[in-house]
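K.L.:
What follows is a structure written as structure tokens; I'll ask about it next.
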Amino acid sequence: MLARAGATASPIGAFRGLAQTLRQTMKLTGRTVLLTGGGTGIGRALARQLADKGNSVLICGRRLERLEETATGSSDIHPYRCDLTSSDDIQQMLDAIERDGHRVDTVISNAAIFGFDTLAGGLDLQEAKQIIDANLYGPIELTQRMLDGLRETSDPAIIIVGSPGGLGPLANTPIYSSSKAGLHAYTLCLRYHLDGEIRVIEVFPPVVDTPALAEKNWKKMSSEECARRMVREIERGQEQVWIGESRMFRFLRLVLPPGRLFRVVNDWSPPEQG
Ligand SMILES: NC(=O)c1ccc[n+]([C@@H]2O[C@H](COP(=O)([O-])OP(=O)(O)OC[C@H]3O[C@@H](n4cnc5c(N)ncnc54)[C@H](OP(=O)(O)O)[C@@H]3O)[C@@H](O)[C@H]2O)c1
């Protein structure tokens, strides 16, 4: 069921072949993908690239007009309005997808909301709950409701878009970081329990130029480049996909104890745009 790459003749080739055999390559073509948050940013770029690669891409989000903009010019992108914080919305979307005859074999949980706060002046509790519901509980509910259907497809996959902030909290995005930390824990447990049945992949983007960070003058990767690298690394069979500067974060995590990592991450500020 899962494709494995073979070794080649030279020692380096043999080593690469072995390394690849330990991973499992994955084709991102000819699939039916449900992608959350496809109306903007990384999700929009991903939807278009996946459609260009011959996938049928079902995108969801709260603003139908944004989803329709993403779908403009492609007959392979199909918008569904859904607020992931609403159980009724999730069920209605899944019913509509079934009615439309789609059989989803790949779920990409990409939708999320950011929130900046210092906590010092009192937290907007309603906003905090919304962030946790959209970024953590929503993806959990959607994933759990889709498991039975995914199991009936060949080579199913669940791809979770996380954040380095979920591993080393960013002090200025405390609730967002908490939601991504929870999502990371859920992803690890999911992979453990679905081992051999469904691939579970986690993606860690760097700072990316999307509406969510429009006001920040940081140096950012474009959404298109981020999506392109995501697709490439997922196809290589990586379980954890680290993109651009997030790879530095992976390294720091290996060499620093958690308390020190927290300090280093929060004493560092992203470079400004040149
Ligand atoms: N940009 C970065 O630098 C960066 C860095 C690390 C990780 N990430 C991660 O990458 C992913 C994409 O982020 P992005 O920067 O592309 O953000 P974005 O442009 O703000 O896109 C997020 C999408 O999620 C949708 N969404 C939000 N709440 C939702 C809800 N309750 N139900 C359904 N859809 C909802 C939004 O559409 P509606 O508002 O229409 O619902 C929006 O299209 C996120 O998981 C984020 O945490 C981003």
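None of the figures in this text is laboratory data; all of them are computed from the coordinates on show. Everything numeric here is computed off the predicted structure, so don't read it as measured data. Cβ coordinates were reconstructed from backbone atoms using ideal geometry, including for glycine residues, and neighbour counts include every protein chain displayed.
K.L.:
Using r as the Cβ-Cβ distance of LYS129 and ILE12, and R0 as 35 Å, what FRET efficiency do you calculate, to the nearest 0.05?
P.N.:
E(calc), rounded to 0.05, equals 0.10.
K.L.:
Which order, highest average first, do 155-168, 119-132 follow once you tally other Cβ atoms within 10 Å for each residue and take the mean per peptide?
P.N.:
Peptide ranking by packing, descending: 155-168, 119-132.
K.L.:
In the chain, which cysteines lack any other cysteine Cβ under 4.7 Å from their own?
P.N.:
Lacking a cysteine Cβ partner under 4.7 Å: CYS189, CYS226.
K.L.:
A further question on this structure: Please work out whether segment 141-201 counts as rounded, prolate or oblate from its C-alpha gyration tensor, where a ≥ b ≥ c are the square roots of the eigenvalues and a/c under 1.5 means rounded, while otherwise a/b larger than b/c means prolate and anything else oblate?
P.N.:
Judged from the Cα gyration tensor, segment 141-201 comes out prolate (a/c at least 1.5, a/b above b/c).
K.L.:
I'd like the distance between the alpha-carbon centres of segment 72-124 and segment 156-205, rounded to an integer number of Å.
P.N.:
Cα centres, segment 72-124 to segment 156-205: 17 Å.
K.L.:
Right, something else. Going by amide H atoms built from the backbone, whose H comes under 5 Å of the H on ARG81, apart from near neighbours?
P.N.:
Sorted by chain and number, the residues that satisfy this come to none at all.
K.L.:
State whether segment 173-274 is rounded, prolate or oblate according to the following rule on the C-alpha gyration tensor (a ≥ b ≥ c being the square roots of its eigenvalues): a/c under 1.5 gives rounded; otherwise a/b larger than b/c gives prolate, and the remaining case gives oblate.
P.N.:
Here segment 173-274 falls in the oblate category.
K.L.:
Here's a follow-up. Mind ranking 196-207, 87-98 by how tightly packed they are, going by the mean number of other C-beta atoms within 10 angstrom, highest first?
P.N.:
Peptide ranking by packing, descending: 196-207, 87-98.
K.L.:
Step by step: find N for the chain, compute 2.2 N^0.38 Å, then divide the Cα radius of gyration by it. What's the final number?
P.N.:
1.01
K.L.:
From the backbone phi of segment 211-216, what are the Karplus-calculated ³J(HN,Hα) couplings (6.51 cos²θ - 1.76 cosθ + 1.60, θ = phi - 60°) in whole Hz, Gly and Pro given as x?
P.N.:
x, 4, 10, 4, 7, 8
K.L.:
I've got another one for you. Residues with amide H under 5 Å of MET221's amide H, sequence separation 5 or more or different chain, H placed in the peptide plane at 1.01 Å from N; which?
P.N.:
VAL207, VAL208, ASP209
K.L.:
Could you tally up the Lys pairs in the chain with alpha carbons closer than 24 Å? Skip any pair fewer than 8 positions apart unless they're on separate chains.
P.N.:
6
K.L.:
Please check: in the Gaussian network model of the chain (C-alpha springs, under 10 Å), which one of ARG236, ARG250, ARG99 has the largest mean-square fluctuation.
P.N.:
Result for the chain, Cα springs under 10 Å: ARG99 fluctuates most.
K.L.:
Once amide H atoms are placed 1.01 Å from N in the peptide plane, what residues at a sequence separation of 5 or more from ILE159, or on another chain, have their amide H within under 5 Å of its amide H?
P.N.:
For ILE159, whose amide H was placed from the backbone, the distant partners under 5 Å are VAL107, ILE108, SER109, ILE201.
K.L.:
If you keep only loop residues by DSSP, which chymotrypsin sites (Phe, Trp or Tyr not before Pro) in segment 234-274 have at most 14 other Cβ atoms within 10 Å of their Cβ?
P.N.:
TRP268
K.L.:
So what is the orientation-averaged projected area of segment 85-189, using the convex hull of its C-alpha atoms, in nm²?
P.N.:
With the hull built on Cα positions only, its mean projection is 7.1 nm².
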